[in-house]
Structures are given as structure tokens and as C-alpha cells.
Amino acid sequence: MKKNIAEIIDISNEIYGKGLVSGKAGNISARFKSEIGDVVAITPTLKSLSNLNEEDIVLVDLDGNILTKGKPSSEVNMHLEIYKKRPDVNGIVHTHSPYATGFAHSSKKIKRYEGFGEIKVPYLAEIDYQKPGSDELANNASEGLGEEDVLVLKKHGVICVGKNLKEAELLAVFVEETAKTQFVTYMLNSVEDNI
Ligand SMILES: [Zn+2]
């Protein structure tokens with residue numbers, strides 16, 4: 001368990017350092033097995049992911065019972081619904097990373113560039129806006145994710161999931177880079193070539 005908590009703190013620092021989260025936004029979690037069943041370790045509410053301590057990380061069970069001190073992220077239900085629907089997922093990273101979130105606030109979709117595996121559909125999955133922290137968001141996000149590993153939350157941000165937290169982090173980095181590349185492509189295509 002200590003190892004899981006240490007990993008959450010490390011990855012929180014990494015995604016903050018990479019600019020995927022800023023201020024007090026964003027939240028991440030990891031699921032692990034314990035003698036009482038599945039336990040989810042999640043980042044706290046109203047704290048920056050930049051300098052968390054061990055005691056800031058909150059443990060909850062899949063029913064949302066808080067097992068330690070502290071208050072979990074306001075998006076804890078969204079994380080729990082995803083874990084309940086996806087037994088293969090053990091790590092979740094939710095960010096408002098700027099380029100991907102720019103797309104989320106626009107009418108444009110993020111393309112599935114090379115690197116997302118086999119391209120069966122041209123764009124990343126997305127769901128319409130629901131109030132952050134609401135049951136509607138928790139339900140729609142876990143439904144909308146389906147078997148995908150990335151979900152764009154319109155007018156909000158992005159969720160990336162993985163078989164472990166590191167995989168979810170790598171995906172969050174890749175999604176942001178993809179959105180940045182697509183943005184640059186749109187910009188370049190929109191200007192006249194004056195050479
Ligand atoms: Zn959010």
C-alpha cells in the first residue's frame with residue numbers, strides 16, 4: 001500500500017511538472033487489492049498535485065467509504081464508477097491539460113493519430129458536459145469510456161485509464177501531445193505560404 005501511495009505522489013509531481021495539471025486542478029487514482037477487497041488511493045480535494053504528502057492521499061473502497069483521514073477529490077465517484085465497470089483498469093489520470101482541453105471547449109474532435117493502436121474510429125471518444133463532481137458525470141464518463149482508454153469530457157478535460165497508473169500517465173502525456181500536434185497542423189494550414 002505504501003508503494004501505491006508513493007507512486008501516486010511521484011506521478012502527481014510528474015504530471016504537474018509536465019504541465020498537464022496546474023493550480024489545484026486534476027486528480028489521479030490507483031486501485032489495489034487488500035484484505036478488505038479493492039481499495040482506491042486517490043488525490044485529495046482542493047490541493048495542488050505539485051507537492052502532496054503521504055497523508056494527503058485518501059483511501060476509499062469501491063462503495064465510496066472513506067478509509068483514512070482527509071477528503072478525496074470531488075471526482076472520486078467518477079473514478080469509482082470507472083473501476084467498477086472496468087476490471088482491467090487499475091490507474092486513472094484526469095487532467096485539464098491545455099491543448100486537449102482546448103479541443104474539449106471547441107467543436108473540434110481530437111484525432112486518433114498513430115500511436116493509439118489500431119485506428120478503428122477516427123476520433124477519441126467524448127461525452128457532453130456534465131457538472132464536475134455530479135453523479136451524471138460519473139455515470140456518463142464510465143459509460144462513455146466503454147472499452148476505450150481515453151475519454152474527452154466536453155468543456156472540461158480528459159480522462160485516461162490504464163492497467164496501471166504509469167500506463168494512464170503515459171497516455172495522458174500522449175493525448176496532450178496529439179492535441180498539440182493537431183492544433184499546430186490546423187494553425188499552419190490556416191496561414192498563407194509567403195515564400
Ligand atoms: Zn476536472
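No value in this document is a laboratory result; all are computed from the given coordinates. Note that the coordinates shown come from a computational prediction; the quantities given were computed from them, not determined experimentally. So basically every Cβ, Gly included, is an ideal-geometry build from the backbone, and we count neighbours across all protein chains shown.
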Within the set 33/84; 18/47; 47/109, which residue pairs have Cα atoms separated by over 24 Å? 47/109
Just subtract the alpha-carbon distance of residue 50 and residue 108 from 0.36 nm times their residue separation and send over the number in nm, one decimal. 17.8 nm
In deg cm²/dmol and to the nearest 500, what is the mean residue ellipticity at 222 nm of the chain if only DSSP H runs of at least 4 residues count, each as -39500 (n - 2.57), divided by the residue total? -11500 deg cm²/dmol
Pairs to check: 2/155; 131/180; 2/154. Give those whose C-alpha atoms are more than 28 Å from each other in this structure. 2/155; 2/154
Could you put 32, 174 in order, starting from the residue whose Cβ has the fewest other Cβ atoms within 10 Å? 174, 32
If neighbour count is taken as other Cβ atoms inside 10 Å, put 35, 55 in order from fewest to most. 35, 55
Stretched out fully, how many nm does the piece from residue 193 to residue 22 gain, at 0.36 nm a residue minus the Cα gap? 58.0 nm
Would you list 10, 63 from fewest to most Cβ contacts within 10 Å? 63, 10
If you take the square roots of the eigenvalues of the alpha-carbon gyration tensor of region 4-49 and sort them as a ≥ b ≥ c, do you get rounded (a/c under 1.5), prolate (a/b over b/c) or oblate? prolate
Starting from a Cα-only point model with no solvent, please compute log10 I(q)/I(0) by Debye for region 94-155 at q = 0.15, 0.25 1/Å. -0.45, -1.17
Could you give me the radius of gyration and the Dmax of the chain, taking only the C-alpha atoms into account and expressing both in angstrom? 16.8, 68
Whose amide H sits under 5 Å from the amide H of residue 91, counting only residues 5 or more places off or on another chain, with H placed in the peptide plane? 31, 162, 164
